[in-house]
Amino acid sequence: MTFDLITIFPDFFRSILEHGLLKRAMASGHATIRLHDLRDYTDDRHRTVDDRPFGGGPGMVFKPEPVFRAVEALRGEEPEKRLPVILLTPQGRLLSQSVAEELSHAERLVLICGRYEGVDERVAENLVTDEISIGDFVLSGGELPAAVLMEATVRLLPGVLGNEESSEQDSFAVPEGAPAEVRHGLLDCPHYTRPAEFRDWKVPDVLLSGDHEQIRQWRRRQALEKTWRRRPDLLAQVPLSEEDRRWIESLKSTEHELEAKI
Ligand code: SAM
């Protein structure tokens, strides 16, 4: 999968490309990440990418011409293909595991990182094919959101994670064999490692029992309980077995009993 990043701070990406998952994915040929300095697509001596907003107000706005030139140059490399172009913006659709999964099927993505007050609206209206936000908060630039989007997507490419670190057990992972309309999985169960006792806090006995069926059941129940308590919105979208439903019902009745006692 190839990412073309359009940014005024290409150096921002150096450290994440030199460490961890993205570095490994590039070394193994699963991902290619190309950095494009927006200033290379300007046509004035000062390499100007921004200007004051029409109508007044604070801050600066990315001018449309360099952004159009950069994207059109990239589109020109493969004119026969429809190249997806994503603008990172707090006003876009929210990034989630299912959006990352959808993006991971693309061969190539262009990511535009905004700065200042944002990007001239004609870019969103006439150039990009998608607008994505990484959450309901505002950062100073699109570089961190682009890095988040790339990492979330690349780790889903087949072969990027080894068996030891499979993404199938992670929070939100859609269970294998789930119907196509299922867009989310549960939150992950709790994990523990050595020592078995730390400051009087013990690892749950079942995890030390060696009984694989008991461990599987405990993990499933913990994942259901966490999701029910923290993200009931997700629970409503996950396929549940009869056993899952009985467990959630038992959690609800324990909760009701506790409330009744208070
Ligand atoms: N004035 C814009 C607004 O309120 O919608 C915010 C501009 S923000 C300060 C500058 C740039 O950071 C944006 O153009 C975008 O590329 C990036 N950005 C900030 N927050 C983001 C988020 N939550 N998701 C994706 N990109 C974001």
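Please state the relative contact order of the chain as a whole percent: Cα pairs under 8 Å, 6+ residues apart?
Computed value for the chain: 17 percent relative contact order.
If amide hydrogens are placed 1.01 Å from N in the peptide plane, which non-local residues have theirs closer than 5 Å to the one on Ser171?
For Ser171, the qualifying residues are Asp188.
Report for the chain the percent antiparallel among DSSP-assigned beta bridges with both residues inside it, nearest 5.
So the antiparallel bridges amount to about 20 percent of the total.
Only Cα pairs within less than 10 Å get springs; with that Gaussian network setup on the chain, which residue of Ile16, Ile132, Ile215 has the largest fluctuation?
Of Ile16, Ile132, Ile215, the Gaussian network model singles out Ile215 as fluctuating most.
Can you pull the Rg over Rh of the chain, Cα-only, Kirkwood?
Rounded to two decimals, Rg/Rh equals 1.08.
Can you give the FRET efficiency for Glu181 and Arg39, using 1/(1 + (r/R0)^6), R0 = 51 Å, r = Cβ-Cβ distance, to the nearest 0.05?
The computed FRET efficiency comes out at 0.70.
Across 5 Å bins from the origin, how do the percents of Cα pairs in segment 35-124 run, short distances first?
2, 12, 20, 22, 19, 14, 7, 4, 1
Among Trp201, Trp247, Trp218, determine the one that fluctuates most according to a GNM of the chain built with springs between C-alpha atoms less than 10 Å apart.
Trp201
Tally Lys and Arg at +1 and Asp and Glu at -1 over the other residues with C-beta under 15 Å from the C-beta of Asp136: what net charge comes out?
Once all neighbours under 15 Å are counted, the net charge is -1.
Determine which residues of segment 94-131 fall in the zone a paramagnetic label at Arg52 would reach in this model, i.e. backbone nitrogen under 20 Å from the point 7 Å along Cα→Cβ.
Within reach of a label on Arg52: 115-121.
Run the numbers for Arg245 and Glu213: contour at 0.36 nm per residue of separation, minus the present Cα-Cα distance, in nm.
That works out to 9.7 nm of additional length.
Quick one: P(r) of segment 1-73 from all Cα-Cα pairs, 5 Å bins, percents rounded to integers, in order of increasing distance.
The percentages, shortest bin first, are 3, 15, 20, 18, 15, 12, 9, 5, 2, 1.
Please state the charge dipole magnitude for the chain, taken about the Cα centre, from unit charges on C-beta atoms (+1 on K and R, -1 on D and E), reported in debye and rounded to the nearest 20.
In debye, rounded to 20, the chain gives about 420.
For the chain, with a Gaussian network of springs between Cα atoms less than 10 Å apart, report the residue from Glu197, Glu78, Glu243 with the top mean-square fluctuation.
Comparing Glu197, Glu78, Glu243 in a Gaussian network model of the chain, the most mobile one is Glu197.
Rank Val61, Val154, Ile16 by how far each Cα sits towards the positive end of the charge dipole of the chain (+1 on Lys, Arg Cβ; -1 on Asp, Glu Cβ) and give me just the farthest.
Among Val61, Val154, Ile16, the one farthest towards the positive end of the dipole of the chain is Ile16.
First compute the accessible area of the chain with a 1.4 Å probe, then give the percent of it belonging to carbon and sulfur atoms.
50 percent
Which semi-axes, in whole Å and largest first, does the equivalent ellipsoid of segment 2-154 have when worked out from the alpha carbon gyration tensor as the square roots of 5 times its eigenvalues?
24, 17, 16
So what is the 222 nm mean residue ellipticity for the chain from helices alone, if each DSSP H run of at least 4 adds -39500 (n - 2.57) and you divide by all residues, rounding to the nearest 500 deg cm²/dmol?
-10500 deg cm²/dmol
Stretch Glu151-Arg194 to full length: gain in nm at 0.36 nm per residue minus the Cα-Cα span?
12.6 nm
The values are calculated or read from the model by the stated rules, or taken from the named source; none is laboratory data. Everything numeric here is computed off the predicted structure, so don't read it as measured data. Cβ coordinates were reconstructed from backbone atoms using ideal geometry, including for glycine residues, and neighbour counts include every protein chain displayed. We work out accessible area using only protein heavy atoms, side chains counted, and drop any ligands, DNA or RNA first. Shrake-Rupley method; radii C 1.70, N 1.55, O 1.52, S 1.80 Å.
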